[in-house]
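S.K.: Okay, handing you the structure first.
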Amino acid sequence: MARETWGTRIGFILAAVGSAIGLGNIWRFPFQVSQEGGAAFMVMYLAFIILIGFPAMLAEFVVGRKTELNTVGAIRDFAGGYWQYLGGLFVFIGFVILSYYSVIGGWVLRYILGSVTGGYAATESAAAYFGMVATGTDTLIAHAVFMLLVIGIVALGIQQGIELGVKVMVPAILAIFGILAVYAFTLPGAGEAYAYYLSPDIGYIMQNWQSLVPAAAGQGFFTLSLGMGVMITYASYLGDDKNLGIDGISIVVLNTSVSILTGLVVFPILFSAGVDPATSGPGAIFVSIAEAVLDLPFGRVVGLLFFLTVAIAALSSAISLIEVVVSYAIDEFGMDRVKATVIAGVAIFILGVPVTMNTVFINLYDILAAQILLVLGGVLLMVLVSWLHAGEAIEELEQGIGDLGSIGSLWIWMVRVPVILVLLVSLYLGVTGYIDFLTGAFAEYLGTL
Ligand code: TRP
């Protein structure tokens with residue numbers, strides 16, 4: 001059976017954009033901004049997206065398109081030897097990320113319901129409503145529903161499932177958020193919010209760069225879906241005649257626009273309702289948006305549109321995470337797509353069950369996956385591409401673009417030194433942070449005995 005491909009070039013770009021835009025932009029980004037000093041974080045984050053994210057994305061693209069294989073096969077084909085286990089690591093990371101991502105996706109589905117029925121207005125407080133949504137049997141059911149949606153789309157295949165899905169979902173995300181940003185502009189707190197969000201304090205950056213650097217790098221990797229073979233897998237469904245540079249720029253620009261747009265929606269809403277944007281924790285965006293919209297004109301409609309967009313964005317990212325696992329099962333074991341998707345989906349669902357019982361598992365999974373595994377996967381792939389196979393990488397990038405001349409070496413040297421260095425620093429900070437988190441959680445547990 002012939003391997004599947006994208007039907008159109010725009011189909012590939014939208015799928016990659018759909019993967020990139022997700023809970024990372026809407027759930028994670030606003031609170032990274034508020035915890036890391038507002039506009040100061042923005043400056044750092046934008047620099048990282050351009051200087052680190054874009055070159056790293058190109059590296060994943062060339063490996064995928066050159067080999068036309070799933071991430072395990074691709075890396076084995078590209079490098080051979082022990083490197084093949086790196087592909088296995090990627091598949092494993094896909095399992096871990098999607099297992100908790102789907103639980104949060106389930107929360108979003110419940111908030112859509114809550115906006116329709118007025119549920120979060122009826123509960124005594126927005127925080128109490130979140131407490132109800134966050135854990136328990138209903139949370140488990142919502143997690144199952146979200147996984148079923150993911151399985152349904154991916155089982156239909158590349159063109160009939162993923163490509164068709166993202167052609168509807170990505171324009172919907174842009175349109176609804178555009179409308180919400182215009183609405184947010186009319187709110188009384190808009191001016192104050194824009195100042196907070198858009199005018200950086202250089203002094204702050206100088207003083208806090210040690211925490212800004214890893215935060216911005218981590219967010220850059222997570223939001224662009226780098227570090228676990230999504231972009232390898234998606235590029236493996238491409239023909240040779242495409243310009244990967246232009247594709248990469250389009251994806252980075254669209255994804256960054258949605259993050260910026262999210263800030264233009266979220267911060268005016270929060271400032272206008274007098275909600276502190278620095279409230280943190282996995283429930284932050286849920287509690288604060290629900291609380292804020294209750295006091296605003298057309299609040300319930302705004303809440304409904306907001307959570308609907310978050311759900312669509314989460315779904316179009318989740319399908320990319322499972323596709324890494326599914327394409328591996330199809331290519332390596334000759335499994336058929338429907339069977340591979342169902343098996344992967346059920347396994348991921350089970351891994352997510354603990355998360356539905358106690359929100360501490362979100363941090364446990366998220367810090368491990370995003371701050372350690374993704375960065376580790378990213379740094380290893382960058383070493384492989386830039387130090388060991390630079391010639392082939394440049395040659396592959398030139399397919400569909402033409403002779404790159406010194407731009408090719410500029411790209412390789414960007415990856416060889418600055419990208420790898422920043423990732424190593426982030427990895428170190430990620431590991432020490434995780435150890436602190438684990439000892440803290442353990443001490444807390446002992447305290448309850
Ligand atoms: N980028 C997505 C988001 O911002 C999440 C995501 C999808 C992801 N695929 C990924 C993150 C692969 C890391 C690696 O929500």
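S.K.: Please identify the helices of the chain, taking whole runs of DSSP H, that span at least 18 Å along their own axis as judged from the Cα atoms and have a mean Kyte-Doolittle score of -1.0 or higher. Don't skip to the answer; put the middle values down first.
M.R.: Numbers: long enough: 54-67 (20 Å, 0.62); 84-117 (50 Å, 1.38); 137-155 (27 Å, 2.06); 164-185 (32 Å, 2.22); 202-223 (27 Å, 0.43); 244-273 (44 Å, 1.85); 299-333 (50 Å, 1.67); 337-357 (31 Å, 1.72); 420-447 (40 Å, 1.52).
Qualifying helices, which must be both long enough and hydrophobic enough, are 54-67, 84-117, 137-155, 164-185, 202-223, 244-273, 299-333, 337-357, 420-447.
S.K.: Moving on. Which value in deg cm²/dmol, rounded to the nearest 500, describes the helix-derived mean residue ellipticity at 222 nm for the chain, given -39,500 (n - 2.57) per DSSP H run of n ≥ 4 and division by the residue count?
M.R.: On the way: 22 runs with 337 residues, N = 449.
The per-residue figure over the chain is -24500 deg cm²/dmol.
S.K.: Here is a follow-up. For the stretch 9-447, what is the accessible area per residue in Å², given a 1.4 Å probe and the full set of protein chains?
M.R.: Values: 16150 Å² over 439 residues.
I get 37 Å² per residue for this part.
S.K.: The stretch 76-141 to the stretch 333-349: how many Å between their Cα centroids?
M.R.: 19
S.K.: A further question on this structure: For a quick size check, give me the Cα extents of the stretch 96-253 along its three principal axes, largest first, whole Å.
M.R.: Over the stretch 96-253, Cα extents along the principal axes are 56, 48, 33 Å.
S.K.: Taking all protein chains in place and a 1.4 Å probe, what share, in percent, of the accessible surface of the stretch 9-447 do carbon and sulfur account for?
M.R.: Values: 11150 of 16150 Å².
So the carbon and sulfur contribution to the accessible surface is 69 percent.
S.K.: While we're looking at this one, here's another question. With every protein chain kept in the model, how would you rank Arg76, Arg65 by accessible area, 1.4 Å probe, largest at the top?
M.R.: Arg76, Arg65
S.K.: In whole Å, what is the distance between the alpha-carbon centres of the stretch 371-429 and the stretch 1-38?
M.R.: A separation of 20 Å, based on Cα centres.
S.K.: Would you mind computing Rg(Cα) / (2.2 N^0.38 Å) for the stretch 293-449, counting N as its residues? Please list the in-between numbers first.
M.R.: On the way: Rg = 21.7 Å, N = 157, 2.2 N^0.38 = 15.0 Å.
Output field value: 1.44.
S.K.: Starting from the Cα gyration tensor of the stretch 321-408, take the square roots of the eigenvalues, sort them a ≥ b ≥ c, and report rounded, prolate or oblate (rounded when a/c is under 1.5, otherwise prolate if a/b is larger than b/c, else oblate). Walk me through the numbers on the way to the answer.
M.R.: Values: a/c = 3.62, a/b = 1.65, b/c = 2.19.
In terms of gyration-tensor shape, oblate.
S.K.: Name the lysines eligible as straight-distance cross-link partners of Lys167: C-alpha to C-alpha under 22 Å, and not fewer than 8 places from it in the same chain.
M.R.: By straight Cα distance, Lys167 reaches Lys242.
S.K.: Let me ask something additional. What ranking, highest mean first, results for peptides 392-402, 306-316, 155-165, 432-442 when packing means the other Cβ atoms within 10 Å averaged over each residue?
M.R.: On the way: 392-402: 17.2, 306-316: 25.0, 155-165: 18.9, 432-442: 12.1.
Order by mean packing, descending: 306-316, 155-165, 392-402, 432-442.
S.K.: Based on the Cα coordinates of the chain, what is the per residue volume of their convex hull in Å³?
M.R.: On the way: hull volume 64.1 nm³, N = 449.
In the chain, the Cα hull volume divided by residue count equals 143 Å³.
S.K.: Next question, about the same structure. So, by mean Cβ neighbours within 10 angstrom, what's the order for 225-237, 138-150 with the highest one leading? If you can, show how the numbers build up before the last one.
M.R.: Values: 225-237: 28.1, 138-150: 19.9.
Packing order, densest peptide first, comes out as 225-237, 138-150.
S.K.: How do the peptides 18-25, 324-331, 291-298 rank, highest first, by the average count of neighbouring beta carbon atoms within 10 Å per residue? Spell out each step's value before the answer.
M.R.: Details: 18-25: 28.0, 324-331: 24.6, 291-298: 17.4.
Ranked by mean Cβ neighbours within 10 Å, highest first: 18-25, 324-331, 291-298.
S.K.: Measure out, as a whole number of angstrom, how far apart the alpha-carbon centroids of the stretch 155-184 and the stretch 200-241 sit.
M.R.: Answer, in whole Å: 22.
S.K.: Which of the three applies to the stretch 213-371, rounded, prolate or oblate, going by the alpha-carbon gyration tensor with a ≥ b ≥ c and a/c under 1.5 meaning rounded?
M.R.: Verdict is prolate for the stretch 213-371.
S.K.: Then there is this: Using the Kirkwood radius built from alpha carbon pairs, what does the Stokes-Einstein equation give as D for the stretch 220-271 at 4 °C and 1.567 mPa s, in µm² per second? It would help to have the intermediate numbers written out before the result.
M.R.: On the way: Rh = 13.0 Å.
The calculation lands on 100 µm²/s.
The values are calculated or read from the model by the stated rules, or taken from the named source; none is laboratory data. Fair warning: this is a prediction, and the values are worked out from it, not measured in the lab. Here the Cβ is made from the backbone with ideal geometry for all residues, glycine too, and neighbour counts use every protein chain on show. Quick note on the areas: whole protein, heavy atoms, side chains included, nothing else; ligands and nucleic acids left out. Shrake-Rupley method; radii C 1.70, N 1.55, O 1.52, S 1.80 Å.
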